[in-house]
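Okay, structure first, notes after.
The values are calculated or read from the model by the stated rules, or taken from the named source; none is laboratory data. The shown structure was predicted, so the numbers you read here are calculated from the model rather than taken from an experiment. Heads up, the Cβs are rebuilt from the backbone with ideal geometry, glycines too, and the neighbour counts pull from every protein chain shown. What goes into the accessible areas is simple: the full protein's heavy atoms, side chains included, and nothing from ligands, DNA or RNA. Shrake-Rupley method; radii C 1.70, N 1.55, O 1.52, S 1.80 Å.
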Amino acid sequence: MKSRLKDFFEVLGPSYRIIGPKIENGVVILAEIKYGDIPAGYRDSQKPGRYRLSPEKDSQVFSFSSGPDSFKRFLNPPLAELFHFHRFETGLGITSPPFSEKGGISETGLPICFMGIRACDLWALKLYDRIFPGGRVRDRTYESLRRNSLIIAFNCLYPSGNCFCLSTGTGPEVKDTFDVAVTELKDSFLLEEGSARGKEILGLLPLGHAGERQSLEKRERIETCKALFRKSIAADELPEIIFRNLDHPHWEDIARRDLECGNCTQVCPTCFCNTSYDFVYPGGISGEDKCNLELSGRRLRKWDSCFSRDFAQVHGGNFRLSRKARYRHWMAHKLAYMQDQFGLPGCVGCGRCITWCPAGIDITRELEALRPHS
Amino acid sequence: MKDTYDKSLPFAASIRWIKKETRDTLSFALRIEDEHIRKAYAFAPGQFNMLSVPGVGEAPISISSGPSDDILLHTIRVAGDVTTALSRFEAGNVLGVRGPFGNGWPMERAEMKRLLIIAGGLGIAPLRPVLRYMLKNEKPNASPAEIPPLIYGARSPRNILFRDEFRSYAAVFDVHITVDKADPQEHWSGNIGLMPPLLDKISLSSKAPDTTAFICGPEVMMRCLIEELLARGLRGENIFLSMERNMNCGMGTCGHCMFAQKFVCKDGPVFRYQDIAALLAVKEL
């Protein structure tokens, strides 16, 4: 029965780029996949600074939890072209990249289907929908990639050792922002529509009828999952713990362990900071006056990290000179500032920053250390 | 309000003239090339543009012209890659502009309330539109008590920006200038020393609670002056300051200009002191 998941791929394949989980270098990443790529039956073991994947001999398909990747690599690419420029002495030509009305970056591109996105990442996606198109200025890269994207969400049944979405209220069950929600049951998958398009797609699949029994099994499985969580965060006391403790000596303690590699910002599904810079075509430079060359190139935007030492650099100095300040900025942005900025939690409890931190810094424990203990 | 042109893409602006203000500071008068954008472009005093030298990069620069001036003026200190590249430009050359961005000064207060303007160094650049605006809308026969004080501090006499304009500002403002130091050959007969003592030269006393202050300058200068103003009876809710950060996108999506939870590019650069007082007190936010 579970191999019927393949039907999804057959129905969606011609009209979407299906992005889903697959194994690469011993890690579950996200990529354009075919049905056979799904790492069925794999289980991951995640601890602070540790990730191991092993095949599990049970009949479960989605027994693995989130790897380092998330939707953000596809909707907010690590490197994106903002525009092409051609500069000459008395003029300037600017051309924006070809954005597609259909979705995707080029005219021939297909919209993206996210297959197997989890509850935590759906909250991050909701946040992204406010960060990028939410301002007064449109972000055309995000808007175009997000346009017509299809969300096939999966309820998490096996939290990793670093997951804490139960305490942030962002999982493990998907509640909204999806077209189709999937719950893996013992012998089948339960499919539920979340939008008109989701309903349309379900209509194209040869499905059996789901009744009370399946709903009950779904509830039981989600409850079982909730009992498996090992980590939690004091979400009710946020953002106050952060704002009251900006001068806490514990920041200094974290700074001593922090390597400033920026891994946490790369794997975090809500981190969005970037820097744009100009890339000049080496062949395109001409002109005799070296102060005023004719040249062309592209302005690119690449992911950056608030752990970069020059991230808050201005000509007169650096606003966050110390490592302590840079770590505090990151953690405060996650746990306090984002809620204020976008009205949604900046930490979705996915635990990626804990798993992928080479020093094993655990955001839940660091917050605990800032809490006043009676 | 939706913009009628795309602020994520630079538009071309030609340099009409360049004026050397001080040893390392230049003013660029720009004219927007595209007619549609030129008509649609409107800014509020205190806003900034992203100036682009394609191939080098982009820098946030406050707008220094008055809202009704026929050119767009930017006064730039040559410091980084972009400003150095700009310093090599000549009249007739074209650069890229995105904007305007940010919120600007609460100009309704420039008309309604008693006003005090304080600028330090290059901090006069985002305040010049306010000065230009008030000069243009000068109220005739203002009683001496209603003349708003304008306090300006520079490193030395030759670092005073828009020096030739202060004479005209004196018609509308009670102008006080001080310099950190003056070489004998600079023939400076004005004030020498820090800015706070100048506050004693203006009479605030009974007017203090309903005086609005607009301040721009280095952060330490602003913090120190705000303390003095509060001690003299000004209210935190009536003090506005323009913050400097390294805006990279101008649209709140790059994260560079974050000052705690504030995006200086879109929530600022002008903030009401009361709203950020607690944040200013913490180092390195």
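Observations
- Flag if A:Pro97 is under 30 Å from B:Asn93 (Cα atoms), in contact (Cβ under 8 Å) with a residue 12 or more places away in the chain and surrounded by 15 or more Cβ atoms within 10 Å (Cβ to Cβ): yes
- Scanning segment A:70-122 for residues that are among the aromatic types (Phe, Trp, Tyr) and in contact with a Lys or Arg (Cβ under 7 Å, 6 or more places away or on another chain) yields A:Phe83, A:Phe85, A:Phe99.
- The single residue among B:Ile18, B:Ile61 that is within 22 Å of B:Cys257 (Cβ to Cβ) and of a type outside the set (Asp, Glu) turns out to be B:Ile61.
Rundown of residues vs (1) surrounded by fewer than 21 Cβ atoms within 10 Å (Cβ to Cβ); (2) touching a helix residue (DSSP H, G or I) at 6+ places or on another chain (Cβ under 9 Å); (3) away from chain A (no Cβ under 13 Å); (4) not in a strand (DSSP E or B), yes/no style:
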position	(1), (2), (3), (4)
B:Ser203	yes, yes, yes, yes
B:Ser206	yes, no, yes, yes
B:Glu227	yes, yes, yes, yes
B:Leu230	yes, yes, yes, yes
B:Cys249	no, no, no, yes
B:Gly252	no, yes, no, yes
B:His256	no, no, no, yes
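- Residue count for segment A:314-343, restricted to those that are more than 21 Å from A:Cys165 (Cα to Cα) and buried (at least 17 other Cβ atoms within 10 Å of the Cβ): 10
- Residues in segment B:53-82 that are of a type in the set (Gly, Ala, Ser), over 26 Å from B:Leu135 (Cα atoms) and part of a loop (DSSP other than H, G, I, E, B): B:Gly55, B:Ala79, B:Gly80.
- For segment A:141-153, the criterion of a residue being within 14 Å of chain B (Cβ to nearest Cβ) and charged (D, E, K, R) is satisfied by at least one position.
- Residue within segment A:170-183 that is more than 28 Å from A:Glu366 (Cβ to Cβ), in contact with a Phe, Trp or Tyr (Cβ under 8 Å, 6 or more places away or on another chain), within 14 Å of another protein chain (Cβ to nearest Cβ) and open to solvent by less than 10 Å² (accessible area, probe 1.4 Å) present: no
- A residue that is assigned to a loop (DSSP other than H, G, I, E, B), within 30 Å of A:Pro358 (Cα to Cα) and either within 14 Å of chain B (Cβ to nearest Cβ) or open to solvent by less than 60 Å² (accessible area, probe 1.4 Å) (or both) occurs somewhere in segment A:106-120.
- Among residues of segment B:265-279 being crowded, with 19+ Cβ neighbours inside 10 Å and free of Cβ contacts under 8 Å to residues at least 60 places away in the same chain, the one that is farthest from B:Pro129 (Cα to Cα) is B:Ile276.
- Tabulated pairs, segment A:201-220, first without any contact (Cβ under 8 Å) to a residue 40 or more places away in the chain and part of a helix (DSSP H, G or I), second surrounded by 14 or more Cβ atoms within 10 Å (Cβ to Cβ) and among the hydrophobic types (A, V, I, L, M, F, W, C), C-beta under 7 angstrom, 6+ apart or interchain: A:Leu202/A:Val180; A:Leu202/A:Leu191; A:Gln214/A:Leu185; A:Gln214/A:Leu190; A:Glu217/A:Leu185
- Boolean, A:Ser15 is closer than 23 Å to A:Lys57 by Cβ and among the polar types (S, T, N, Q): no
- Test for B:Ile192: is it modelled with pLDDT of 90 or more and either crowded, with 17+ Cβ neighbours inside 10 Å or in the same structural domain as B:Leu26 (by TED's automatic domain parsing) (or both): no
- In the set (1) touching a Cys at 6+ places or on another chain (Cβ under 7 Å); (2) over 23 Å from B:Ile76 (Cα atoms), the condition left unmet by B:Gly190 is number (1).
- Restricting segment B:75-128 to residues that are charged (D, E, K, R) and within 11 Å of chain A (Cβ to nearest Cβ), the residue that is surrounded by the most Cβ atoms within 10 Å (Cβ to Cβ): B:Arg98
- Every condition in (1) under 19 Å from the mean Cα position of the chain (by Cα); (2) within 14 Å of chain A (Cβ to nearest Cβ); (3) outside any strand (DSSP E or B) is met by B:Gly46 except one, and the failing one is (2).
- Some residue of segment B:163-170 being under 16 Å from the mean Cα position of the chain (by Cα) and open to solvent by less than 20 Å² (accessible area, probe 1.4 Å): yes
- From the list A:Ser63, A:Ser54, the lone residue that is open to solvent by 50 Å² or more (accessible area, probe 1.4 Å) and farther than 21 Å from A:Cys347 by Cα is A:Ser54.
- For A:Cys350, the requirement of being touching a residue at least 24 places away in the same chain (Cβ under 8 Å), more than 10 Å from chain B (Cβ to nearest Cβ), surrounded by 15 or more Cβ atoms within 10 Å (Cβ to Cβ) and farther than 30 Å from B:Met243 by Cα is met.
- Among residues of segment A:297-338 being touching a Lys or Arg at 6+ places or on another chain (Cβ under 7 Å) and more than 8 Å from chain B (Cβ to nearest Cβ), the one that is nearest to A:Thr270 (Cα to Cα) is A:Phe307.
- Evaluation of B:Glu186 against the conditions (1) in contact with a strand residue (DSSP E or B) (Cβ under 7 Å, 6 or more places away or on another chain); (2) open to solvent by 20 Å² or more (accessible area, probe 1.4 Å) shows that the sole unmet condition is (1).
- Considered as a group, the residues in segment B:5-43 that are among the aromatic types (Phe, Trp, Tyr) and more than 13 Å from chain A (Cβ to nearest Cβ) include one that is farthest from A:Leu300 (Cα to Cα), and that residue is B:Trp17.
- Members of segment A:304-337 found to be assigned to a loop (DSSP other than H, G, I, E, B) and among the aliphatic types (A, V, I, L, M), listed by number: A:Ala312, A:Leu321
- Among (1) open to solvent by 10 Å² or more (accessible area, probe 1.4 Å); (2) in a strand (DSSP E or B); (3) in contact with a helix residue (DSSP H, G or I) (Cβ under 6 Å, 6 or more places away or on another chain) - the single one B:Glu21 does not satisfy: (3)
- Test: residue in segment A:234-253 that is exposed (fewer than 12 other Cβ atoms within 10 Å of the Cβ), under 26 Å from the mean Cα position of the chain (by Cα) and more than 14 Å from chain B (Cβ to nearest Cβ): yes
- Test: residue in segment A:254-271 that is more than 10 Å from chain B (Cβ to nearest Cβ) and of a type in the set (Asp, Glu): yes
- Looking across segment B:1-35, the residues that are within 18 Å of the chain's Cα centre (by Cα) and among the β-branched types (Val, Ile, Thr) come down to B:Thr22, B:Thr25.
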